[in-house]
Amino acid sequence: MAVIASPNWGAVQECRFDPGLYFNPGPWRIPYHHHAILDYCKKFEVKLEPFVQVNHNALVHNSQAFAGKPKRYREVQADYQGHIAELLSKAVNQGALDQEVTAEDRQKLLESLRVWAGLDGDNQYRQSTTTSLRRGFAVDAGGGLMPAAQPSPIIERQALLQSGMWLYLMVGQLHEFQTTLFQPVGGMDMIAQAFARELQGVIQFNTKVTRIQQNAQGVTVTWESSEGGQPRQEQADWCVCTLPLSILSQIPIDCGAPMQAAIRAVPYNASVKIGLQFKRRFWEQDEHIYGGVSYTDSPMQQIGYPNCDYGSRGKGVLLGGYLWENNNAFEFTAMTPEERIRKAVEYGAQVHPQYPAEFDNGIAVGWHRVPWSNGCYGAWTEASREAHYNNLCQIDGRLVLAGEHVSHLPAWQEGAILSAQDAITRLHAHIVARASAKV
C-alpha cells in the first residue's frame, strides 16, 4: 500500500485489490423497506443482489469465553433459545405463571416451547437429533456406507449466559436488518455512478464550497477547484444545501440564529471500515461461510463476508472490521492506515487463524479523517432533536438543508433521499405561495 503523509497528517491510500474485487467503505446494505433508494435503483437500472445479514454458519467470538474459540451463530442461537425455553417450561409446570395464563394456554405455551427450541418430552433441552436439527450435527448425515449423523454437544447454560454471545442474536431481528436486504452488483458506488450519469453536465466535480451568502434577491455560493485557480461563485434564486453539518459548521453561511445554532449542535460519530484482500477465500473453502457477518468482542466488532461470487477461485476481500461510534473508532482514526490494517489482521486471527498466512493487502477508511465528511453521520440525541431539529429543517430565507443529518434515519441513504425529497417539496410550495402572494 502506498501512503503519502501530508503536514496535517492526511493520508492518501492506493487500493491494490485485484480487478473486480471491492469492499464498501461507506454504506453497504439496503433494507427492503427503504423504498426511496430502491426506487432510484429501479429507475436508473442499478442491478441488485441479496445482502446476507444473518448467516447461521458465521461465527460469534468472545476473547474471554471458551478459551477464546469462536462458536457458530447457529449453535449460540439454538442453545440460548433451548435453555430459555427449558427454564420457562419449568416455571409453567411449577405454577409460577398460573395468574398470567389459563390452563389451556399453559399447554399451548409448553407445546410452542418444545417446537421453538427442540425440547424433549420432559421439556428438557438435551443433546439429541432434535436439538441438532437446529444447532447442527457433530457429524452430518451422509450417503451409502458413510457414518451416520451424530448429534452435537450443547453449550452449558451458565457458560453461554456469562459469555454474552447472546447479545448478537438480536441484530437480524432489528427492523433495519431484517431480511430481505440488498446490495448493488459491483458495489454501492453503482448508485452514485447512476446519479452522475443521469446528471451528466450538471455536477461540478472536485470543488470545495467555502462560503454561502444570501439576501432578499438570491444566494451566492463561493467555491474553489481542487485544480487551483481563483475562487469562483455561482448565483441562484434558491439553494438546497446537502453539505454535512461537520463541514457546514466550518464555513461562513448567512442564515438565522436558530439554524446556525442547530448546525453547530450536532456532532458526528466516528466510523472505520477496513477492507482486507486474502490470497484465497478461506472462509468459504475451510469454514463454509458464504456471506453474512461474524461478530467479535475485539475492536473489529464485525467481519463481513462478500455476498457475491460464491465459490470463486483466487483471491477474495473481506470487511475486516467495522468500528463505529465513540469507542474503538476514535482510537483507530488516530492511527495511520498501515497501523489499522496491521491491527485488523492481528485481531482477525482470533476469529480466523488463517489471517496471517493468507493476508495479501488492505485499505482502511476512517471517516473522521475524510476531509469532505469529517465523520460518519450526525449524532442526534433526544435532547438535541427537541431543541434544534425543527429549526434545522426550516426554509431559512432562500436556503434549505437536506441530507441524512436532516432526517430521522441517520447514517442511511434512505434518510438522505427522503430528506431531499421533503426539502424540495416544501421549497416548491414555498416558492409558489410567494409568487401567488405577489399577484
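Hey, for a label at Val185 modelled as a point 7 Å past Cα toward Cβ, could you say which residues of segment 17-43 have their backbone N under 14 Å away?
Within reach of a label on Val185: 42.
Can you give me the Cα centroid spacing of segment 318-368 and segment 389-434 in angstrom?
36 Å
Please give the contour-minus-distance gain from Lys208 to Phe177: 0.36 nm per residue of separation, less the Cα-Cα distance, rounded to one decimal in nm.
7.7 nm
Let me know the longest stretch in the chain that avoids all chymotrypsin sites (Phe, Trp or Tyr not before Pro) found in a DSSP loop with at most 13 other C-beta atoms within 10 Å.
Value returned for the longest uninterrupted segment is 33-204.
Rank these for me by crowding, His175, His428, going from fewest to most other beta carbons within 10 Å.
Placing the least packed residue first, the sequence is His175, His428.
Would you look at the GNM of the chain, springs on alpha carbons closer than 10 Å, and say which of Met188, Met335, Met170 moves the most?
Comparing Met188, Met335, Met170 in a Gaussian network model of the chain, the most mobile one is Met170.
When a footprinting reagent is the concern and you count Cβ atoms within 10 Å, what order do Ile84, Ile30 take, fewest first?
Fewest-to-most Cβ neighbours within 10 Å comes out as Ile84, Ile30.
Using a 10 angstrom Cβ neighbour count of at most 12 plus a DSSP loop assignment to flag exposed GluC sites (Glu not before Pro), which longest range of the chain is free of such sites?
228-439
Placing +1 at every Lys and Arg Cβ and -1 at every Asp and Glu Cβ, with all other atoms neutral, what dipole size does the chain have around its Cα centre, in debye to the nearest 20?
520 debye
Taking the structure as given and computing Rg/Rh (Cα atoms, Kirkwood Rh), which label from (1) 1.05; (2) 1.02; (3) 0.99 fits?
(1)
Give the order of Val293, Val92 when sorted by the count of other beta carbons within 10 angstrom, beginning with the fewest.
Starting with the residue having the fewest Cβ neighbours, the order is Val92, Val293.
Using a Gaussian network for the chain with springs between C-alpha atoms less than 10 Å apart, which of these wobbles most: Thr129, Thr222, Thr102?
Of Thr129, Thr222, Thr102, the most mobile in the Gaussian network model is Thr102.
Read-outs throughout are calculated quantities, based only on the coordinates presented, and are distinct from any laboratory measurement. Treat the numbers as computed from the prediction; the structure is a model and nothing was measured. Note that each Cβ is placed from the backbone with ideal geometry, even for glycine, and that neighbours are counted across all protein chains shown.
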